[in-house]
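S.K.: Structure in structure tokens, see below.
Just so it is clear, none of the values below were taken in a lab; they were calculated from the coordinates. Since the structure is predicted, the reported quantities are computational estimates derived from the model, not experimental observations. Every residue, glycine as well, gets a Cβ built from its backbone with ideal geometry; the counts of neighbours run over all protein chains shown.
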Amino acid sequence: MNNTSSTSTSTHLYRKVVTAACDGACRGNPGPGGWGCLLRYSDGTVEELGGFEAHTTNNRMELSACLALLKRLKELPKDPGFAIRTDSKYLIDGYSRWLPGWKRKGWRTASGGAVLNRDLWEELDAARLPDVALEHVKGHSGDPDNERCDQIAVAYSRKEAIPDQEQLKTTAKDQDLAPAPLKDLLTRLELADRLAQGGYLLKTVEIAQLLEQPLATFENRDAAITWRDWRVAPQKEGGWRLERLEQN
């Protein structure tokens, strides 16, 4: 299988994956097939992956797309409650419900037949990430990420150029109208809110980067400061915590 990726990079310290989606396509079933997936990051960038198989099935392409995402996600920080969105109930049911039973029965189904696509199911099980769930989205229902993954998968199955990202641009048009500094500020404010809600302890260098303040502002400081809607308080054990200020 040939894989390619198109990646927008960012050096932002807190760049995380906020959502991901995957899809598969096949001409003939069995026949030439393709898979596609994407990852959206907290800084607004999007990464796309895709691959091709000369003789395959639609279900194998659905599984291959998810497998590629899990392998990529293993290396990346993710938002709490993160999920991979897919229109394949076969993928969701197998991954979330059927796999334990298949393994107990020696890779046999409830009716006694051999489990199809066992090689991919074993790879998916090995690549499983405990903090990543699968979430169903209805196919061809106008969901922009699902539609985009379908575009990528179909293009690979046909060995055609991948269409441009007009659907994604349309979905994010309000964000795209904002100047880059404002979008970066929004990302930092959203992150501050999540850090405050989770009660996370931040290192001095991390709080300085989040607030975009000189490191010297926080070094050897033992008093809290106020930053926008948050109280930034030093901790006895070292480091800093964000506390959301009450709104009057």
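S.K.: For W230, what residues show an amide H to amide H distance below 5 Å, using hydrogens built from the backbone and excluding near sequence neighbours?
M.R.: L245
S.K.: Then there is this: State the extension gain, in nm to one decimal, for the chain segment bounded by K203 and R97, taking 0.36 nm per residue of separation less the distance between their alpha-carbons.
M.R.: 34.2 nm
S.K.: Full-extension gain between D164 and L185, please, as 0.36 nm times their residue separation minus the C-alpha to C-alpha distance.
M.R.: Full-extension gain reported as 4.8 nm.
S.K.: Could you tell me the calculated FRET efficiency between R194 and K138, based on Cβ-Cβ distance and R0 = 35 angstrom, to the nearest 0.05?
M.R.: Computed FRET efficiency for R194 and K138: 0.75.
S.K.: Just want the ordering: R228, R40, from fewest to most Cβ atoms lying within 10 Å of their own Cβ.
M.R.: So the ranking, lowest neighbour count to highest, is R228, R40.
S.K.: For the chain, take the longest principal axis of its alpha carbons; what is the angle in degrees between that and the long axis of helix 144-158, to the nearest 10 within 0 to 90?
M.R.: Once rounded, the angle reads 40 degrees.
S.K.: Next up: For the chain, what does -39500 (n - 2.57) per DSSP helix run (n ≥ 4), summed and divided by total residues, give at 222 nm, in deg cm²/dmol to the nearest 500?
M.R.: Using -39500 (n - 2.57) per qualifying helix, the result is -10500 deg cm²/dmol.
S.K.: Which of Y156, Y41 has the fewest other C-beta atoms within 10 Å, and how do the rest follow up to the most?
M.R.: Result, fewest neighbours first: Y41, Y156.
S.K.: What order do you get for C22, C66 when you list them from fewest to most C-beta neighbours inside 10 Å?
M.R.: Listed from fewest to most nearby Cβ atoms, that is C66, C22.
S.K.: Moving on to the next point. Would you grab the residues whose amide H sits under 5 Å from the one on G51? Only those 5+ places off in sequence or on another chain, please, with H modelled 1.01 Å from N.
M.R.: W35
S.K.: Using Cα atoms only, what is the angle between the long axis of helix 180-198 and the major principal axis of the chain, expressed in degrees (0 to 90) to the nearest 10?
M.R.: For 180-198 against the chain, the angle is about 90 degrees.
S.K.: So, one more: Holding the Cα-Cα limit at 26 Å, pick out from K74/K236; K71/K159; K16/K159; K74/K105; K78/K159 the pairs that are longer than that.
M.R.: K74/K236; K16/K159; K74/K105; K78/K159, as the Cα separations exceed 26 Å there.
S.K.: Expressed in nm to one decimal, what extension gain is obtained for the pair A223 and R128 from 0.36 nm per residue of sequence separation less their Cα-Cα distance?
M.R.: Difference between extended and current length: 29.8 nm.
S.K.: For the range 28-42, just list the computed ³J(HN,Hα) in residue order, Karplus coefficients 6.51, -1.76 and 1.60, θ = phi - 60°, integers in Hz, with x standing in for Gly and Pro.
M.R.: In residue order, the calculated couplings are x, 6, x, x, x, x, x, 10, x, 8, 9, 10, 9, 9, 5 Hz.
S.K.: Using only Cα atoms and rounding to the nearest 10 degrees, what angle (0 to 90) does helix 118-127 make with the longest principal axis of the chain?
M.R.: Its long axis makes an angle of about 10 degrees.
S.K.: Based on a Kirkwood Rh over C-alpha pairs, give the Stokes-Einstein translational diffusion coefficient of the chain at 4 °C and viscosity 1.567 mPa s in µm²/s.
M.R.: Translational diffusion coefficient: 64 µm²/s.
S.K.: For a quick check: with amide H placed at 1.01 Å from N, whose amide H comes under 5 Å from T56's, ignoring anything fewer than 5 positions away on the same chain?
M.R.: Sorted by chain and number, the residues that satisfy this are G31, G33.
S.K.: Reachable aspartates and glutamates from K138, Cα under 16 Å, same-chain residues fewer than 8 places away excluded?
M.R.: By straight Cα distance, K138 reaches D23, E62, D87, D93, E147, D150.
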